[in-house]
Amino acid sequence: YLTHTADLLRTQKRKSIRCACHMYAQMYVIRSETADLTLVETEPGLKCLLEDISEDGALIRIGGKGVKSMKIKLQFTIADSFVVMAGVVRGVDYEDDKKQSLLHFECTTISPQMKNSVLSYVYNVLPQEEKDVIDAIKLAEEDETNMESVEEDIPRSGGEVQ
């Protein structure tokens, strides 16, 4: 027998909104633990394509096979702002017919100014319908929180409410 619960668990742990894009970037493999992750690289890196982006990460298309848990740095221009993101490849999907990999990149290091550039791009690019859905979800979560606090204020002892 299965018991029912009133608690719902969220399956998607991502807190950020990802936006589809088509931007070329330079990717650098971080080989040293002491490397400066915010330093702008002047040498050309590996060419890659960003297919979606958020302030917490990106989906990157590269040629060849990618490696999970690889530390990388991305450099690209977004809306006339230069962005440097560093982090870890969390997953790899290899497409054998195209001989390309999709890297699921999690950003761990980004400056606040660059993060704001990415956020402004993401929220300005989203279609109005998606913005409305995101706003509705946020309002529903706030209403749920407010209802829980109201329920806590209601006396449970059967006494009169004044």
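Worth a mention:
- Yes/no for Val88 being more than 15 Å from the chain's Cα centre (by Cα) and β-branched (Val, Ile, Thr): no
- Neighbours by Cβ (under 6 Å, 6+ apart or cross-chain): first from the range 104-120, in contact (Cβ under 8 Å) with a residue 60 or more places away in the chain; second among the aliphatic types (A, V, I, L, M) and part of a strand (DSSP E or B): Thr109/Ala86
- Within the range 84-121, considering residues that are part of a strand (DSSP E or B) and open to solvent by 80 Å² or more (accessible area, probe 1.4 Å), the one nearest to Glu55 (Cα to Cα): Thr108
- Total residues in the range 43-83, condition open to solvent by 10 Å² or more (accessible area, probe 1.4 Å), under 20 Å from Arg31 (Cα atoms), of a type in the set (Lys, Arg) and in a strand (DSSP E or B): 2
- Boolean, Val67 is more than 15 Å from Ile17 (Cβ to Cβ), touching a Phe, Trp or Tyr at 6+ places or on another chain (Cβ under 9 Å) and among the aliphatic types (A, V, I, L, M): no
- Meets criteria (in contact with an Asp or Glu (Cβ under 8 Å, 6 or more places away or on another chain), crowded, with 17+ Cβ neighbours inside 10 Å, among the aliphatic types (A, V, I, L, M) and at pLDDT 85 or above) for Ala25: no
- Note on the range 141-159: residues that are open to solvent by less than 80 Å² (accessible area, probe 1.4 Å) and either modelled with pLDDT of 80 or more or touching a Cys at 6+ places or on another chain (Cβ under 7 Å) (or both) amount to 0.
- Lys138 vs. criteria surrounded by 11 or more Cβ atoms within 10 Å (Cβ to Cβ) and under 18 Å from the mean Cα position of the chain (by Cα): no
The values are calculated or read from the model by the stated rules, or taken from the named source; none is laboratory data. Everything quoted here is computed from the prediction, not taken from an experiment. Counting neighbours? That spans all protein chains shown, and the Cβs are built from the backbone with ideal geometry, glycine included. To get the accessible areas, we keep the full protein, side chains included, count just its heavy atoms, and leave off ligands, DNA and RNA. Shrake-Rupley method; radii C 1.70, N 1.55, O 1.52, S 1.80 Å.
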